[in-house]
1. Can you say what percent of the DSSP beta bridges in the chain, counting only those with both residues inside, are antiparallel? Round to 5.
2. Can you give the FRET efficiency to the nearest 0.05 for H283 and S5, using r as the Cβ-Cβ distance and R₀ = 25 Å?
3. Can you give me the distance in nm between label points at Q302 and A47, each placed 7 Å from the Cα along the Cα-to-Cβ direction?
4. Which residues make up the longest stretch of the chain that has no GluC sites (Glu not before Pro) in a DSSP loop with at most 15 other Cβ atoms within 10 Å?
5. Going by Cα centres, segment 153-186 and segment 58-130 are how many Å apart?
6. What Kirkwood hydrodynamic radius, in Å, does the chain give when the mean of 1/r is taken over all pairs of distinct Cα atoms and then inverted?
7. Do any chymotrypsin sites (Phe, Trp or Tyr not before Pro) in segment 234-316 lie in a DSSP loop with no more than 16 other beta carbon atoms within 10 Å, and if so, which?
8. Label-point separation (nm) for T251 and D99, each offset 7 Å from Cα along Cα-to-Cβ?
Amino acid sequence: MEKDSKIYLAGHRGMVGAAIWRVLKKKGYSNLIGRTSKELDLRNQKAVFDFIKSEKPDVVIDAAARVGGILANNNYPFQFLMENMQIQNNLIDAAHKLDVKKFIFLGSSCIYPKLAPQPLKEEYLLTDSLEPTNEWYAIAKITGVKACQAIRKQFGKDFVSLMPTNLYGTHDNFDLETSHVLPAMIRKFHEAKENNNSAVTLWGSGTPMREFLFVDDMAASVVFALENELPEYLYNVGTGIDITIKELAETIQKKVGHTGEIVWDSSKPDGTPRKLMDITKMHDLGWKHQVELEEGIEKTYQWFLTNNDSFKQVKM
Ligand SMILES: NC(=O)C1=CN([C@@H]2O[C@H](COP(=O)(O)OP(=O)(O)OC[C@H]3O[C@@H](n4cnc5c(N)ncnc54)[C@H](OP(=O)(O)O)[C@@H]3O)[C@@H](O)[C@H]2O)C=CC1
Ligand SMILES: C[C@H]1O[C@H](OP(=O)(O)OP(=O)(O)OC[C@H]2O[C@@H](n3cnc4c(=O)[nH]c(N)nc43)[C@H](O)[C@@H]2O)[C@@H](O)[C@@H](O)C1=O
C-alpha cells in the first residue's frame, strides 16, 4: 500500500479508530481523512455518497458503529440493528459504486452462533441461532460481512471483513450503562477504592468466559489487512486465550488495589457462555497479538487515571 494512498477512516475518534489512526501515522501514511459524526452522519445515505464522491479515497476502513456492552445491546435493539446497518451499508454501497479499491469492514465475534463449538471458526457463521442479548447487532454485522463477500464474489474487489473479539484499551467507553465489562470494572473498582473500599456490584454470575484483545493489537491487525491482500473474505482477530468474568474481576480488583466485597447481580444477563476465537487464519498469514491481558489492563487503567476527569461516556 503506497504511503500517500488516500485512506478514509470512518470512526477515527472511536477507541478502535483512534488506535488505527495512531498506527497509520506512525507507519508514515500521509493522506488520512476522518470526519466526526457531527461533520458526517453515516446514517445519511446521500451525505455518505456525496462525501465519498468528492473525496475519492483509495481505501475505506469502517471503524464506525453504534457500539455498546451487553445491557445497551439488550435494551436498545432497534438502534443496534438499524444504525449499524445504515452506517455500514451506506459506506459499503458508496465504496463499491464509486470504485474504492479496498474496503476493510469490522464486525464482531457475536456474529457466531451462541452455542457453536469453541474455539469459533469462520466457517461456523450462520450455522445456528445467535445470542439473544446481541442478536440485533450481530445480524447487522452479518449483513456487512455478507455485503463485502458479495462484492468480492460478483465484482472481484478487495473488500474484506475482520471479526474482532472483545476489545479494550485507551479511549474506551467508561459509561457504566453502555460500556463493555473491562472498562466498567476498571471504573467500578477504582471509584469503590476511592470510596473507602465500598462493595462493587458486577453483573450476572461471573461464570461466562471472554477473550480480550488490547486495542493497539486490533489496530495492527487492520493495518496488516491494509498492507496485505488477504485471500479470504472473513478473518477472526483475537488472542486465542479466554478467562471467566470472575477471574477478570479478581485481576482488575488486584491491579486497582480495591479490597472491598464483590457482589454479583444475577438480575443482569450473562450473555453467551463463551466466544473464544479460532485465530489460525490470521496467525498463518503472519499477524499475532503482542499485548497480554495484565499489561493491557495496566495500560488502560493508567490511561483512565490520566483522563479521569474527561474519560469518554457514550450515551444512548
Ligand atoms: N469495543 C469492542 O469491544 C468491539 C468493537 N467492535 C467493532 O469495532 C468498531 C469500533 O468500535 P469502538 O471503537 O469500540 O467503538 P466507539 O464507540 O469507541 O467508536 C465508534 C465510532 O463510530 C462513530 N459513529 C457512531 N455512529 C456514527 C454515525 N451515525 N455517524 C458517524 N460516525 C458514527 C463515532 O464517531 P464520533 O466519535 O465522531 O461520534 C465513533 O468514532 C465497531 O465496528 C465495533 O462494532 C467489534 C468487536 C468488539
Ligand atoms: C464485544 C461484545 O460485547 C457485547 O457482548 P458481551 O461480551 O456479552 O458484553 P459485555 O462486555 O458487556 O459483558 C461481558 C460479560 O461481563 C459481565 N459483566 C459483569 N459486570 C459487568 C459490568 O459492570 N458491565 C458490563 N458491561 N458487563 C459486566 C456481563 O454480564 C457479561 O456476562 C456485545 O456488544 C456483543 O455484541 C459484542 O460484540
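1. On the way: 3 of 30 bridges.
Antiparallel bridges: around 10 percent, rounded to the nearest 5.
2. On the way: r = 26 Å, r/R0 = 1.06.
Once the sixth-power term is evaluated, E becomes 0.40.
3. Here the answer is 3.8 nm between the modelled labels.
4. Values: sites that count: E2, E39, E177, E229, E232, E261, E292.
Counting at most 15 other Cβ atoms within 10 Å as exposed, the longest clean stretch of the chain is 40-176.
5. Each part reduced to its Cα centre gives a spacing of 10 Å.
6. Working: mean 1/r = 0.0503 Å⁻¹.
Computed over the chain, the radius equals 19.9 Å.
7. Values: sites: Y235, W264, W287, Y301, W303, F304, F311; in loops: W287, F311.
Filter output for segment 234-316: empty list.
8. Here the modelled spin labels are 4.8 nm apart.
Bear in mind these aren't lab numbers, they're just calculated from the coordinates by the rules spelled out. Worth saying up front: this structure is predicted, and the values here are computed from it rather than measured. Cβ coordinates were reconstructed from backbone atoms using ideal geometry, including for glycine residues, and neighbour counts include every protein chain displayed.
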